[in-house]
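Engineer: This is the structure I want to talk about, given as structure tokens.
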Amino acid sequence: MAAPCVTLLTDFGMSDGYVGAVKGVILALCPRAQLIDVAHDIAPGDILAGAVALMTSAATFPAGCVHLAVVDPGVGTDRSGLIVESGGSYFVGPDNGLLSLATTASRRAWKLDHPQWFRDRVHSTFHGRDVFAPVAARLADGVSPELLGSAVERIVTLEIPPAVHRDGGVVGEILLADRFGNLITTLREDDLPASRAATVVTIAGGESCPIVESYGFASKDTLVAVVGSGGFLEISSVGGSAREHLGAAGVRGTPVRVTAG
Amino acid sequence: MAAPCVTLLTDFGMSDGYVGAVKGVILALCPRAQLIDVAHDIAPGDILAGAVALMTSAATFPAGCVHLAVVDPGVGTDRSGLIVESGGSYFVGPDNGLLSLATTASRRAWKLDHPQWFRDRVHSTFHGRDVFAPVAARLADGVSPELLGSAVERIVTLEIPPAVHRDGGVVGEILLADRFGNLITTLREDDLPASRAATVVTIAGGESCPIVESYGFASKDTLVAVVGSGGFLEISSVGGSAREHLGAAGVRGTPVRVTAG
Amino acid sequence: MAAPCVTLLTDFGMSDGYVGAVKGVILALCPRAQLIDVAHDIAPGDILAGAVALMTSAATFPAGCVHLAVVDPGVGTDRSGLIVESGGSYFVGPDNGLLSLATTASRRAWKLDHPQWFRDRVHSTFHGRDVFAPVAARLADGVSPELLGSAVERIVTLEIPPAVHRDGGVVGEILLADRFGNLITTLREDDLPASRAATVVTIAGGESCPIVESYGFASKDTLVAVVGSGGFLEISSVGGSAREHLGAAGVRGTPVRVTAG
């Protein structure tokens with residue numbers, strides 16, 4: 001049997017011992033766990049960026065994995081810890097929205113209120129090590145979520161604002177920038193006009209660009225829009241960074257408008 | 001039996017092939033080794049930062065692991081290589097203090113002076129690949145440290161300066177900043193006043209802040225002190241970076257004073 | 001039997017879900033694969049830097065590994081995908097030169113033109129997830145490359161320009177900078193004068209430095225040249241960054257001249 005898979009997504013970076021401390025706890029409790037690094041350079045405290053990365057990542061893993069995610073600016077306050085089951089996999093992390101985008105289908109959730117499963121001393125600034133890691137290890141080892149927490153009906157969820165159809169166009173906004181400086185928008189493929197031949201994408205009422213099939217179909221430093229691999233429209237600068245290209249017009253929340261030509 | 005675990009902590013970054021070269025050597029010699037990345041973004045040559053990260057990380061791993069650590073500005077000079085055994089685990093790396101903070105309890109050490117265990121050609125700039133990786137692989141494979149090196153009594157050690165009690169307060173200093181911009185100090189939990197209710201922490205004789213339970217207990221951009229997850233007092237800026245907040249007053253060695261209110 | 005090893009080298013970074021998405025695809029198709037992170041912080045789109053890192057890394061892995069590499073600015077255009085077999089290991093990635101430096105010996109190659117092995121829907125901006133990952137997983141699982149693609153005679157190759165011997169010296173150029181700010185040149189150990197005692201290395205006709213055995217043999221902030229661990233001459237600033245030291249004179253393509261003293 002393949003070893004149980006535990007993925008790790010955090011904002012801990014790789015310049016301190018925090019990621020290692022989490023891994024050590026898991027391996028001490030479940031030595032046969034297969035640890036898979038997903039992303040540790042989420043911007044510190046950026047719950048939305050973590051939630052989008054978790055959604056992108058978890059989509060391809062086989063059922064039965066445990067996805068541990070920690071972007072947790074409220075650590076040590078009264079926000080809860082969670083196990084969420086969705087699509088046959090488990091997600092473990094803080095109840096701050098981080099787990100919500102990856103678990104939209106048929107979600108079941110448990111609140112982590114059974115301290116006997118935590119580390120002996122829970123430190124108020126490092127639940128990743130002292131609460132979430134031991135719980136993830138037990139899930140990987142086959143312990144049932146019913147034993148690890150109490151069922152809850154609701155969890156904190158992030159919402160990606162729906163597209164607004166107005167004046168013959170559709171309007172969304174910039175959600176976040178990725179490592180390449182691509183600006184992921186809230187507009188989904190289904191929101192776009194059926195024919196994209198003459199479609200124009202306008203950012204913040206200023207610069208505009210066409211929708212193309214992929215980055216390589218325009219010349220360097222040209223602004224283009226593509227339907228990205230997660231199904232959202234994104235703005236890119238060919239061979240460069242749209243975030244840098246657009247500057248202040250490229251930040252989260254900036255309106256993006258699509259009109260058929 | 002679970003595969004032997006080898007953790008890796010370096011300042012090699014993830015933008016070159018150096019981490020890969022080290023991993024390849026280990027897997028060529030011990031294919032069943034389970035490689036665990038701990039931290040590769042230690043600031044180049046920052047032995048203290050590496051030693052603290054190794055201490056943080058290794059504390060949670062089960063006994064029997066091999067912890068390979070390479071932050072090695074003196075590579076190729078006459079500094080020795082080491083195996084250190086502590087708490088039932090092995091540490092492999094340069095004798096420059098890097099291994100010292102993680103191995104304070106009941107340490108045994110061996111100098112790596114048996115070149116027959118190294119790669120055929122040892123390159124003077126890459127002992128991580130040519131000396132430390134093959135030795136770590138052999139330890140993971142069950143070779144005794146007595147065969148791999150010669151016992152030594154002393155290793156180079158880093159000291160975290162002890163707290164100084166003076167004028168009714170206790171004085172330490174800033175040790176380093178973590179990824180979040182938290183400033184870890186040399187003051188341990190035991191150094192602090194028993195009651196923290198009215199305690200004041202003063203940095204460099206200037207800005208001051210209270211000790212709180214966790215970051216979430218103060219408003220954004222407020223300076224607070226918390227007892228961090230490693231047991232050291234640390235200065236944080238809520239939702240931001242204390243290092244940026246304090247600027248020149250936030251560097252290594254800056255005095256930090258704690259006084260009961 | 002040890003699990004089949006799949007190494008991953010990308011420019012995806014660790015701040016998004018892209019690396020995770022690739023890993024999930026591999027584990028879904030080959031759950032026993034052992035995933036080894038090599039480098040994910042290659043500068044976005046920098047094919048040469050990726051090719052050099054892959055060459056550095058793959059050199060030490062045992063035969064039989066699958067090396068997945070994705071630095072792919074032309075994704076979605078008509079550039080092909082490849083499997084390359086070299087030295088008993090497989091390399092999978094775009095046909096843009098990325099795989100060429102690591103596979104110079106006895107190379108066989110197949111073009112990825114059998115979509116039945118790809119993910120059901122191939123997205124034009126993410127062949128790493130939809131084309132290369134499933135192919136790498138099948139190779140790890142034992143599927144023959146003949147089944148996965150069509151044999152091709154030629155692949156796109158990068159060339160490291162050969163040294164030019166002129167006026168009693170030898171001239172090469174700066175190839176790239178590593179994380180430490182070391183400037184790797186195109187000059188190989190064999191290109192250098194047999195005796196290095198009085199040899200002088202001159203960068204861009206300006207600053208010059210001696211060749212030393214390792215960084216530790218000169219004082220801090222001194223410019224030195226060493227034969228690096230990959231066999232190329234490199235320029236370093238002791239305890240600092242030669243790239244920063246040299247500024248505009250330290251970029252790719254800058255001429256470097258070596259003369260016997």
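Engineer: Within the range C:128-149, work out how many residues are in contact with a His (Cβ under 8 Å, 6 or more places away or on another chain) and surrounded by 15 or more Cβ atoms within 10 Å (Cβ to Cβ).
Structural biologist: Final tally of qualifying residues: 4.
Engineer: Among the strands (runs of 3 or more DSSP E) lying completely within the range A:1-99, list those that include at least 1 residues that are within 7 Å of another protein chain (Cβ to nearest Cβ) and either closer than 28 Å to residue A:185 by Cα or open to solvent by less than 10 Å² (accessible area, probe 1.4 Å) (or both).
Structural biologist: In the range A:1-99, A:5-10, A:34-39 are the strands (runs of 3 or more DSSP E) which contain 1 or more residues that are within 7 Å of another protein chain (Cβ to nearest Cβ) and either closer than 28 Å to residue A:185 by Cα or open to solvent by less than 10 Å² (accessible area, probe 1.4 Å) (or both).
Engineer: Taking residue B:147, is it part of a helix (DSSP H, G or I) and more than 14 Å from every other protein chain (Cβ to nearest Cβ)?
Structural biologist: yes
Engineer: Can you pull out every residue in the range B:100-128 that is modelled with pLDDT under 95 and either polar (S, T, N, Q) or in a strand (DSSP E or B) (or both)?
Structural biologist: Across the range B:100-128, the qualifying residues are B:104, B:106, B:124, B:125.
Engineer: Moving on to the next point. Just give me the residues in the range C:61-95 being among the hydrophobic types (A, V, I, L, M, F, W, C) and touching a residue at least 60 places away in the same chain (Cβ under 8 Å), in sequence order.
Structural biologist: Passing the criteria: C:65, C:66, C:68, C:69, C:70, C:71, C:82, C:83, C:84.
Engineer: A further question on this structure: Among the residues of the range C:206-229, which ones are touching a residue at least 24 places away in the same chain (Cβ under 8 Å) and open to solvent by 60 Å² or more (accessible area, probe 1.4 Å)?
Structural biologist: Answer for the range C:206-229, where residues must be touching a residue at least 24 places away in the same chain (Cβ under 8 Å) and open to solvent by 60 Å² or more (accessible area, probe 1.4 Å): C:207, C:221.
Engineer: In this structure, does residue C:160 turn out to be within 30 Å of residue C:226 (Cα to Cα), within 16 Å of the chain's Cα centre (by Cα) and modelled with pLDDT of 95 or more?
Structural biologist: No, not satisfied.
Engineer: Report, by residue number, each residue of the range B:100-118 that is open to solvent by less than 30 Å² (accessible area, probe 1.4 Å) and among the hydroxyl-bearing types (Ser, Thr, Tyr).
Structural biologist: Selection gives B:100, B:103.
Engineer: If a residue must be aromatic (Phe, Trp, Tyr) and over 22 Å from residue C:17 (Cβ atoms), how many such residues does the range A:213-251 contain?
Structural biologist: Looking only at that region, the number is 1.
Engineer: Step by step: first the residues of the range C:244-261, then only those that are open to solvent by 40 Å² or more (accessible area, probe 1.4 Å) and outside any strand (DSSP E or B), then the one that is modelled with the lowest pLDDT. Which residue is that?
Structural biologist: C:261
Engineer: Among the residues of the range C:1-57, count how many are at pLDDT 95 or above and in contact with a Lys or Arg (Cβ under 6 Å, 6 or more places away or on another chain).
Structural biologist: 8
Engineer: In addition: Can you name the strands (runs of 3 or more DSSP E) wholly within the range B:164-243 that have at least 2 residues being at pLDDT 90 or above and closer than 20 Å to residue A:15 by Cα?
Structural biologist: It comes to B:169-177, B:183-188, B:232-237.
Engineer: Shifting gears a bit: Please go through (1) over 30 Å from residue C:35 (Cα atoms); (2) without any contact (Cβ under 8 Å) to a residue 40 or more places away in the chain for residue C:179 and return the number of the only condition it doesn't satisfy.
Structural biologist: Answer for residue C:179: the failing condition is (1).
Engineer: Which one is farthest from the other protein chains (Cβ to nearest Cβ), of the residues in the range B:150-205 that are of a type in the set (Lys, Arg) and surrounded by fewer than 11 Cβ atoms within 10 Å (Cβ to Cβ)?
Structural biologist: Among those residues, the one meeting the criterion is B:166.
Engineer: Are any residues in the range A:100-133 of a type in the set (S, T, N, Q) and within 13 Å of another protein chain (Cβ to nearest Cβ), and if so, which ones?
Structural biologist: Scanning the range A:100-133 gives A:124, A:125.
The values are calculated or read from the model by the stated rules, or taken from the named source; none is laboratory data. None of the values given here were measured: they were computed from a predicted structure. A quick note on method: Cβ atoms are made from the backbone with ideal geometry, for glycine too, and the neighbour counts reach across all protein chains shown. These accessible areas exclude ligands, DNA and RNA; they are computed on the full protein's heavy atoms, side chains included. Shrake-Rupley method; radii C 1.70, N 1.55, O 1.52, S 1.80 Å.
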